[in-house]
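The values are calculated or read from the model by the stated rules, or taken from the named source; none is laboratory data. Just so you know, these numbers come straight off a predicted model, no measurement behind them. The protein model used for the area step is the full one, side chains on, heavy atoms only, and it has no ligands, DNA or RNA in it. Shrake-Rupley method; radii C 1.70, N 1.55, O 1.52, S 1.80 Å.
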Amino acid sequence: MPFLVFVLGVVLAVVGLIADSSGVGCLGAVVAGLGVLWLRRRYVTARPPGAAGFDALRAQSVSAKRRGDFAEAERLLMRAVDAGDPEAMFDMGRLIEERDGIEASERWFRMAAEHGHKVARTAFQPGAMFNRDGTTPLDH
């Protein structure tokens, strides 16, 4: 539907030019512009829904971690992890690594990598931190 509005606007603008009618041409330009805005809103999303909430949870988690409250930091991150935020999964890996060591953090880095976190994925390449001998690659 947004594409049709855009096309209608372009057609009106061209008809306005051909008929030498500035009113129809201006109307066409406005309709085409509205079509573009509608297309942009519908198909171009820079961030997934809820990303701002995830950002807030991660920021609060960082504050808790700086205060030394690892339990609160973990609780906040788990809310975003449960909602599927790969950044929170990665941050959970970093938190667990700092608190419990690298071995304990692998499951969180793996989860982040499997959800598309690019930095976490590099840790599972052959020869990297969690795949030194090349026998523990990502599932997909």
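What accessible area, in Å² to the nearest ten, does a 1.4 Å probe give for Val30?
My reading of the accessible area for Val30 is about 90 Å².
Under 4 °C and 1.567 mPa s, how fast does segment 59-135 diffuse according to Stokes-Einstein, given a Kirkwood radius computed over C-alpha pairs? Answer in µm²/s, whole number. Numbers along the way, then the final one.
Numbers: Rh = 12.5 Å.
Translational D for this selection: 104 µm²/s.
Could you sort Thr135, Thr122 by their accessible area in this structure, using a 1.4 Å probe and putting the largest first? Can you show the working numbers first?
Working: Thr135 95, Thr122 65 Å².
My answer, sorted largest first, is Thr135, Thr122.
From the phi angles alone, apply the Karplus equation (6.51, -1.76, 1.60; θ = phi - 60°) to segment 60-74 and give each ³J(HN,Hα) in whole Hz, x where the residue is Gly or Pro.
Karplus-based 3J(HN,Hα) across segment 60-74 equals 5, 5, 4, 4, 5, 5, 5, 7, x, 8, 5, 5, 5, 4, 5 Hz.
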